[in-house]
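Okay, structure first, notes after.
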Amino acid sequence: MVRAASIMLILSAGLAAENTPATPPYSSDPRLVRSWNSSLDLAPAPFWARYDDGRAALSFVAARHGEDSSTFRLIEEELAAQSPAVLILEGVRPGSRRPPSGGESAHAARLAEAQGVRWLGGEPAAAKELQGVLAEDCHARRKCTMRDFQGFYILRTWFLDAARPEGRRTIGEIVSAFSREFGVAPRLLMSDPEFEAWYSAGNGKAFTGEPDFDEILPQPDSPLLSRRVADKDSLVRNRVLAALIAEQLSRAKRILVVYGASHHAELRPVLEAMLGPAVCAGDAQADRSRCPPSGGTRKTDRIGTTPREKQD
């Protein structure tokens, strides 16, 4: 009789477990990803923000790009404090095991590998990025074109190449890199005069070889075509990053994201929809001992959040 009762108890427990709803996975709403505008609340980079709903935790290091010692220190401290299972890096395509050659993503990847933390690229696949931008409106009631995306890629690379140790590449070399990365047929590639004509028509001035950094910053309503294309590219990248964050929160539960500061401002509504408001945030000098433990209060300790111009 006792044995029969025990069997019934085990069967009942098993049945109850089967009928208990599974914890739903996290999901991201792409509609919540914001375009950049100067009213977004953006603290001076670098800074960090922690989110924790009791089921999963995310730490976001909002980087100042380049070889920035304050950013490097924040990455080191958040890796040590949060013990993430997964690190998500800017500038790395999905499936790549080759981190960037320099900057904060390379530094974070080296630290993660030394500590046995798995790292992933947060960027979209090249084809997905290209198709995503071409599906957006860069002109009044007209979609972005291949020339628009290619022109923006040339302009952005030309600017970033100024800090390249090997020196700046020619426009022809940048176009060849674009063709390899995005699989674009030679007949669709721009010549130097075609790029200069695109730039002049879209930005209202001649290309002098010394573009202003503002020309590659996202702004959806800018009179500069390059900034409107940058906005669409940023939206596509951030939507992919948000989906990856949701996927990894569902699997790994504790993750660290290292991306430029503006991405945090643009993604914050998505992060808050998944995890609630940040439980703690601060700059490089902030005292982390004031942060609640994992799974603790939702009250946010916010330090130094003042609006400022975008930091890509």
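Where a number appears in this text, it was derived from the coordinates with a stated rule and is not lab data. None of these values were measured; they are calculated from a predicted model. We place every Cβ from the backbone using ideal geometry, glycine too, and count neighbours over all the protein chains shown.
Restricting attention to the chain, the count of lysine pairs at 8 or more positions apart or across chains with alpha carbons under 20 Å apart stands at 4. Relative to the longest principal axis of the Cα atoms of the chain, the long axis of helix 171-182 makes an angle of roughly 30 degrees. Rounded, prolate or oblate: which fits region 36-101 when a ≥ b ≥ c are the square roots of the eigenvalues of the alpha-carbon gyration tensor, with rounded for a/c under 1.5 and prolate only if a/b beats b/c? In terms of gyration-tensor shape, rounded. What is the helix-to-structure angle for 146-160, meaning the angle in degrees between its Cα long axis and the longest Cα principal axis of the chain, kept from 0 to 90 and rounded to the nearest 10? In the chain, helix 146-160 runs at an angle near 90 degrees to the longest axis. Among A106, A252, A45, the residue with the largest mean-square fluctuation in a Gaussian network model of the chain, with springs joining Cα atoms closer than 10 Å, is A252.
Ordered by the number of other Cβ atoms lying within 10 Å of each residue's own Cβ, fewest first, D192, D233, D283 fall into the sequence D192, D283, D233.
GNM on the chain, alpha-carbon springs under 10 angstrom: the most fluctuating residue among K143, K253, K205 is K205. Taking the fewest neighbouring Cβ atoms within 10 Å as the starting point, the ordered list for L217, L256 is L217, L256. When each of L188, L160, L267 is scored by the number of other beta-carbon atoms lying within 10 Å, the sequence from fewest to most is L188, L160, L267. Does region 117-239 classify as rounded, prolate or oblate by the C-alpha gyration tensor (a ≥ b ≥ c root eigenvalues; a/c under 1.5 gives rounded; else a/b over b/c gives prolate, otherwise oblate)? It is rounded, given that a/c, with a ≥ b ≥ c, falls under 1.5. Classification of region 160-214 by its C-alpha gyration tensor yields an oblate form. The axis ratio a/c (a ≥ b ≥ c) is 1.5 or more, and b/c is at least a/b.
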